[in-house]
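Notes follow once the structure below has been shown.
The values are calculated or read from the model by the stated rules, or taken from the named source; none is laboratory data. Because the structure is predicted, anything quoted here is derived from the model rather than measured. FYI the Cβ positions are ideal-geometry reconstructions off the backbone, even for glycines, and counts take in every protein chain you see.
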Amino acid sequence: MSESVLTGARYGKDLIRIFRVVRDGEFHQVVEYNATVLLEGDIETSYTIGDNSVIVATDSIKNITYYLAKISPHILSPERFALHVGTYIVSKYAHIHRAFVTLEKLRWSRIPLSANDHPHPHSFLRDGNDRQTVEVEVDASAGKDKLSAKVTSGLTDLLVLKSTGSAFYGYIQDEYTTLVEVDDRVLSTSVDLAYTFAPLSLSSPTDDDKLDFTVPEDFALGSVWDAANVATRARDATLDIFALDDSASVQATLFKMGQRVIAENAGVESVTYNLPNKHYIPVDMKYLGVDNTTPANAEVFAPVSAPSGLISATISRK
Ligand SMILES: O=c1[nH]c(=O)c2[nH]c(=O)[nH]c2[nH]1
């Protein structure tokens, strides 16, 4: 056998499902997360010589995550909760140098009652399959008193469609071209968006029980400490541009979305969109003498589940 060496190792718990209620009398706030918590550090011997003494069991990683879901003051903010989990683990275990915490936040919105306009204080509705996403890396490799963190947030599975206001023409015509140029088409995509905040340095946690970081009081608007508003603005900007842009292509519309997220959020350094082009093909009825293919007469479409285009790009602050 030729010689080999371990060049990377990371482990932890995936698919930790968390639901948390925050009660204020009758008025409740709820969050539901799918979490992944992975660790790196001086753990090589667990792989190379079966040395389990360096392993924090993935079961314990799950238990820490649930404990922090119970006691963390940050539970309602996915960014801050992920930072708390990461900070806690790298601070508690001397040989763990990095924590990677990924959260998906599921939608639970208050039920608006039909009798009056007041949203219900403790009844909720899954009003969309899109999920907010957060990826946090807490790095203690420079020392436990010098924690730094990278935070990337975004959203996934935001399904949108527009029935006009999208064209596609002027592309390369050669022996492989069968696509017909159109000045009007159906455009649909499932938005996957990730935006990266400027790197953070975190204050070192002191309270052994909570191992928490502190949030600066004078945090800047649009920064990671303002992440809930950034998330709302990024989702709104994406939907606005999708609806209002007279789209020349998915590529051109994507770029405008990214430009707006950067312009509106001072703390966001770069934005990556992945946009599948979910094709809706006008059904050809010429054999019946019926025109359903010229853009003005295209009314019946066959949604095509595969293949789809896939357009992606990263837009960064200059
Ligand atoms: O907006 C589009 N971009 C493309 O690159 C492409 N390619 C294609 O076949 N249709 C489209 N639409």
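A residue that is surrounded by fewer than 18 Cβ atoms within 10 Å (Cβ to Cβ), touching a residue at least 12 places away in the same chain (Cβ under 8 Å), touching a Phe, Trp or Tyr at 6+ places or on another chain (Cβ under 9 Å) and not in a loop (DSSP other than H, G, I, E, B) occurs nowhere in the stretch 80-103. When the stretch 227-249 is filtered for residues that are away from the ligand (no atom under 16 Å from the Cβ), over 16 Å from the mean Cα position of the chain (by Cα) and surrounded by 13 or more Cβ atoms within 10 Å (Cβ to Cβ), only Asp240 remains.
Scanning the stretch 266-286 for residues that are away from the ligand (no atom under 16 Å from the Cβ) and either outside any loop (DSSP other than H, G, I, E, B) or among the hydrophobic types (A, V, I, L, M, F, W, C) (or both) yields Ala266, Val268, Glu269, Ser270, Val271, Thr272, Val283, Met285, Lys286.
Of the residues making up the stretch 107-144, those that are of a type in the set (Ser, Thr, Tyr) and over 27 Å from Val224 (Cβ atoms) are Ser114, Ser123. For the stretch 272-301, residues that are of a type outside the set (A, V, I, L, M, F, W, C) and over 29 Å from Lys256 (Cα atoms) total 8. Here Val230 fulfils each of the conditions (1) modelled with pLDDT under 95; (2) in contact with a strand residue (DSSP E or B) (Cβ under 7 Å, 6 or more places away or on another chain); (3) not basic (Lys, Arg) apart from (1). Among the residues of the stretch 250-265, the one identified as part of a helix (DSSP H, G or I), of a type in the set (S, T, N, Q) and surrounded by 18 or more Cβ atoms within 10 Å (Cβ to Cβ) is Thr253.
Scanning the stretch 250-265 for residues that are β-branched (Val, Ile, Thr) and away from the ligand (no atom under 16 Å from the Cβ), we see that the one that is nearest to the chain's Cα centre (by Cα) is Val261. I'm checking my understanding of the structure. Among residues of the stretch 287-318 that are more than 22 Å from Leu187 (Cβ to Cβ) and surrounded by 12 or more Cβ atoms within 10 Å (Cβ to Cβ), which one is nearest to the ligand (Cβ to nearest atom)? Taking the candidates together, the pick is Ser316.
Within the stretch 42-65, does at least one residue satisfy the condition of being at pLDDT 95 or above, of a type in the set (Gly, Ala, Ser) and buried (at least 17 other Cβ atoms within 10 Å of the Cβ)?
No, that holds for no residue.
For the stretch 181-200, the set of residues classified as in contact (Cβ under 8 Å) with a residue 24 or more places away in the chain, within 14 Å of the ligand (Cβ to nearest atom) and either under 28 Å from the mean Cα position of the chain (by Cα) or outside any strand (DSSP E or B) (or both) consists of Asp183, Asp184, Arg185, Val186, Leu187, Ser188, Thr189, listed by residue number.
The single condition from (1) touching a residue at least 12 places away in the same chain (Cβ under 8 Å); (2) part of a helix (DSSP H, G or I); (3) within 23 Å of Lys144 (Cα to Cα) that Val56 fails is (2). Taking the listed residues Asp218, Asp284, the one that is without any contact (Cβ under 8 Å) to a residue 40 or more places away in the chain, in the same structural domain as Ala306 (by TED's automatic domain parsing) and surrounded by fewer than 19 Cβ atoms within 10 Å (Cβ to Cβ) is Asp284, with no other qualifying. Say whether the condition of being without any contact (Cβ under 8 Å) to a residue 12 or more places away in the chain and surrounded by fewer than 19 Cβ atoms within 10 Å (Cβ to Cβ) is met by at least one residue in the stretch 133-150. Yes, because at least one residue in the stretch 133-150 is without any contact (Cβ under 8 Å) to a residue 12 or more places away in the chain and surrounded by fewer than 19 Cβ atoms within 10 Å (Cβ to Cβ). Consider the stretch 129-175 and keep the residues that are within 16 Å of the ligand (Cβ to nearest atom) and under 24 Å from the mean Cα position of the chain (by Cα). The one that is farthest from Ala194 (Cα to Cα) is Lys162.
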